[in-house]
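K.L.:
Below are the structure tokens for one structure; questions will follow.
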Amino acid sequence: MKMTSAYLGEIEVNESKIITFPSGIPGFSESKQFVLLEFPDNQIFHILQSVDNVKLAFIITDPYYLYQEYTFELEASTLELLKIKDRNDVAIYTIVTVNKPFAASTMNLKAPIVIHVKENLAKQVVLQKEDYSSRAPISLSLHEKEEK
């Protein structure tokens with residue numbers, strides 16, 4: 001199907017790639033269907049684009065790229081809602097707040113997005129742990145990280 005992305009313009013999307021957020025995303029509960037899009041020539045950041053609202057798109061990233069020790073447990077209700085039985089079927093992303101300069105950008109470790117990749121079901125989970133910030137710094141530039 002054809003759709004318009006806030007960042008990539010008109011694109012073709014395979015309908016089997018649509019991810020459903022049964023409860024929506026907090027603050028955007030009216031949008032329940034999204035697609036995960038890749039930025040050209042960028043393997044670290046992705047676009048979580050609403051299928052229904054071209055203006056609703058989030059820049060997301062794998063938090064483990066910068067925070068290898070990031071851990072949390074999912075509540076039983078979330079496991080049930082997303083039909084998760086095997087942790088290998090789960091992808092974790094965090095929403096990035098892009099700032100200028102880019103090095104001042106942050107990611108929301110307090111509310112990760114959990115995606116059951118086989119079922120295409122997702123939820124943004126608000127963690128009760130005080131360990132993580134909603135404005136965790138992206139402390140290494142991409143260039144520095146790739147050199148390590």
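The values are calculated or read from the model by the stated rules, or taken from the named source; none is laboratory data. In this text, all values refer to a predicted model and were calculated from it rather than measured experimentally. Cβ: placed from backbone, ideal geometry, glycine included. Neighbour counts: every protein chain shown.
K.L.:
Kindly check whether there is at least one residue in segment 38-45 that is surrounded by fewer than 16 Cβ atoms within 10 Å (Cβ to Cβ) and aliphatic (A, V, I, L, M). Walk me through how you get there before you give the answer.
P.N.:
Step one: filter segment 38-45 for residues surrounded by fewer than 16 Cβ atoms within 10 Å (Cβ to Cβ), giving 38-44.
Among the residues that remain, those that are also aliphatic (A, V, I, L, M) are: 44.
Looking through segment 38-45, at least one residue is surrounded by fewer than 16 Cβ atoms within 10 Å (Cβ to Cβ) and aliphatic (A, V, I, L, M).
K.L.:
Name the pairs whose Cβ atoms lie under 7 Å apart, with the first residue in segment 109-131 and under 15 Å from residue 31 (Cβ atoms), the second among the aromatic types (Phe, Trp, Tyr) and not in a loop (DSSP other than H, G, I, E, B), and 6 or more positions between them or separate chains?
P.N.:
113/93
K.L.:
Evaluate the following for residue 77: is it of a type in the set (Ser, Thr, Tyr), crowded, with 18+ Cβ neighbours inside 10 Å and either closer than 27 Å to residue 4 by Cα or at pLDDT 95 or above (or both)?
P.N.:
no
K.L.:
Tell me yes or no: at least one residue of segment 94-116 is in a loop (DSSP other than H, G, I, E, B), over 29 Å from residue 9 (Cα atoms), within 16 Å of the chain's Cα centre (by Cα) and at pLDDT 95 or above. Before the answer, list the steps.
P.N.:
Quick first cut of segment 94-116, residues in a loop (DSSP other than H, G, I, E, B) only: 98-101, 105, 108-112.
Keeping just the survivors that are over 29 Å from residue 9 (Cα atoms) gives 110.
Then drop every residue that is not within 16 Å of the chain's Cα centre (by Cα), which leaves 110.
Filter once more, so that each one left must be at pLDDT 95 or above: 110.
Yes, because at least one residue in segment 94-116 is in a loop (DSSP other than H, G, I, E, B), over 29 Å from residue 9 (Cα atoms), within 16 Å of the chain's Cα centre (by Cα) and at pLDDT 95 or above.
K.L.:
Among residues belonging to segment 10-52 that are of a type in the set (D, E, K, R) and in a strand (DSSP E or B), point out the one that is farthest from residue 120 (Cα to Cα).
P.N.:
As a first pass, look at segment 10-52 and keep what is of a type in the set (D, E, K, R): 10, 12, 15, 17, 30, 32, 38, 41, 52.
Filter once more, so that each one left must be in a strand (DSSP E or B): 10, 12, 38.
Numbers: 10: 22, 12: 18, 38: 17 Å.
Going through the qualifying residues, I end up with 10.
K.L.:
If you don't mind, another one. Which residue pairs have Cβ atoms under 8 Å apart, sit 6 or more places apart or on different chains, and have a first residue in segment 58-69 that is part of a strand (DSSP E or B) and a second that is of a type in the set (S, T, N, Q)?
P.N.:
Every condition considered, the pairs that remain are 60/94; 61/94.
K.L.:
Taking residue 129, is it charged (D, E, K, R) and closer than 29 Å to residue 5 by Cα? Quick ask: steps written out before the conclusion?
P.N.:
Values: charged (D, E, K, R): yes; closer than 29 Å to residue 5 by Cα: no.
When the stated conditions are applied, residue 129 does not pass them.
K.L.:
So which of 19, 25 is in contact with a Phe, Trp or Tyr (Cβ under 7 Å, 6 or more places away or on another chain), touching a residue at least 40 places away in the same chain (Cβ under 8 Å) and surrounded by 12 or more Cβ atoms within 10 Å (Cβ to Cβ)? Before the answer, list the steps.
P.N.:
On the way: 25 fails: in contact with a Phe, Trp or Tyr (Cβ under 7 Å, 6 or more places away or on another chain).
19 is the lone residue from the list that is in contact with a Phe, Trp or Tyr (Cβ under 7 Å, 6 or more places away or on another chain), touching a residue at least 40 places away in the same chain (Cβ under 8 Å) and surrounded by 12 or more Cβ atoms within 10 Å (Cβ to Cβ).
K.L.:
So how many residues does segment 92-116 have that are of a type in the set (A, V, I, L, M), exposed (fewer than 14 other Cβ atoms within 10 Å of the Cβ) and out of contact with any Ser or Thr (no Cβ under 8 Å at 6 or more places or on another chain)?
P.N.:
Of all residues in segment 92-116, those of a type in the set (A, V, I, L, M) come to 92, 95-96, 98, 103-104, 107, 109, 111, 113-115.
From the residues that got through so far, the ones that are exposed (fewer than 14 other Cβ atoms within 10 Å of the Cβ) too are 98, 103-104.
Cutting the leftovers down to out of contact with any Ser or Thr (no Cβ under 8 Å at 6 or more places or on another chain) gives us 104.
Residues in segment 92-116 being of a type in the set (A, V, I, L, M), exposed (fewer than 14 other Cβ atoms within 10 Å of the Cβ) and out of contact with any Ser or Thr (no Cβ under 8 Å at 6 or more places or on another chain): 1 in total.
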